[in-house]
Amino acid sequence: MKLVVVSAGLSSPSSTRLLADRLTAATLERVDAEPQVIEVRELAAEIAQHFVTGFPPARLAAALDTVAAADGLIAVTPVFAGSYSGLFKSFFDLIDKDALTGTPVLLAATGGTARHSLVTEHALRPLFTYLRALALPTAVYAASEDWGEQGLDRRITRAAAELARFMAPAAHPAACRDTAPDVDTAAAIAPRSTTGAITSTDPANGFTIVPFAQRLAALQAE
């Protein structure tokens, strides 16, 4: 199984990556999976290029395909202006709309104050609901004062157990006791895209792009 971690921290080191690593470690204690971390800040230039050209560079396309192939996803963002960061949102804006269908996703965020603790509910959860992912019940928000506190450790443990259970419910039946009913993973709810990018086709390989204005003119002529 593949556990993909998307971290949108802007500095190195960052509290966002630290939270991502702790969630990853807690999940791997409960399920046998191959982890892969995507640092979104390292793809910032490629993301901007994709928005301008409509085609993802090879490294970005590989990252999007990695997310699409995940059996479980951990998504962590810093809080900017009361919501997820623009870079985090831009990355997921480029994900094919069917790529995350039924994929269990652990939502997490970091911020300087507890006042932003509901960002996981009013920003992250609607985003992944739109992508038809399975956003897990327990989200983890870590404010500056939370680090080193037992409350954060308990939330990390609970969220990781939920993710492990939805990734492999039969492998670890006690992994998430008292957190959710015994259900199968939702991976088969609906077909998923085979690639993560909105388009991974390079026009240099013989692919013909029909301009939108031309398509619209054809519809008006009918």
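The values are calculated or read from the model by the stated rules, or taken from the named source; none is laboratory data. Keep in mind the model is a prediction, meaning the values are calculated, not measured. Positions of Cβ are backbone-derived with ideal geometry, glycine not excepted, and every protein chain shown enters the neighbour counts. Just the protein is used for accessible areas: all its heavy atoms, side chains included, with ligands, DNA and RNA removed. Shrake-Rupley method; radii C 1.70, N 1.55, O 1.52, S 1.80 Å.
When its C-alpha radius of gyration is set against 2.2 N^0.38 Å (N residues), the range 1-57 gives a value of 1.36. Other residues with beta-carbon under 10 Å from the beta-carbon of Pro35 carry, at +1 per Lys or Arg and -1 per Asp or Glu, a net charge of -1. Dipole of the range 1-160 (Lys/Arg Cβ +1, Asp/Glu Cβ -1, origin at the Cα centre): which of Val31, Phe55, Gly102 lies farthest to the positive side? Comparing the listed Cα positions along the dipole, Gly102 ranks first.
Going by accessible surface with a 1.4 Å probe and the largest first, Tyr84, Tyr130, Tyr141 read Tyr130, Tyr84, Tyr141. A simple spin-label model places the labels of Thr113 and Leu219 4.5 nm from each other, with each point 7 Å out along Cα-to-Cβ. For Asp96, the residues 5 or more places off, or on other chains, whose built amide H falls under 5 Å of its own are Ala197, Ile198. For the range 11-74, with all protein chains in place and a probe radius of 1.4 Å, 52% of the accessible heavy-atom surface sits on carbon or sulfur. The portion of the accessible surface of the range 80-125 made up by carbon and sulfur, rounded to a whole percent, is 56 (1.4 Å probe; DNA, RNA and ligands excluded). Extension gain for Asp93-Glu121 works out to 8.2 nm (0.36 nm per residue, less the C-alpha to C-alpha distance). Of the residues Met1, Met167, the one with the largest accessible area comes first in the ranking Met1, Met167, computed with a 1.4 Å probe on protein heavy atoms. For q = 0.14, 0.15, 0.22, 0.24 Å⁻¹, what log10 I(q)/I(0) does the range 50-128 give under the Debye formula with an equal point scatterer on each alpha carbon and no solvent? Per q value, in the given order, log10 I(q)/I(0) is -0.50, -0.57, -1.07, -1.18. Where in the range 99-118 does the label zone of Trp147 land, with the point 7 angstrom along Cα→C-beta and an amide N cut-off under 15 Å? Output list for this probe position: 109-114. Distances between placed amide hydrogens fall under 5 Å for Ala142 paired with Ala109, Thr110, Gly111, all partners being 5 or more residues away or on another chain.
Between the range 62-78 and the range 94-109, how many Å separate their Cα centres? Using only Cα atoms to place each centre, the spacing works out to 7 Å.
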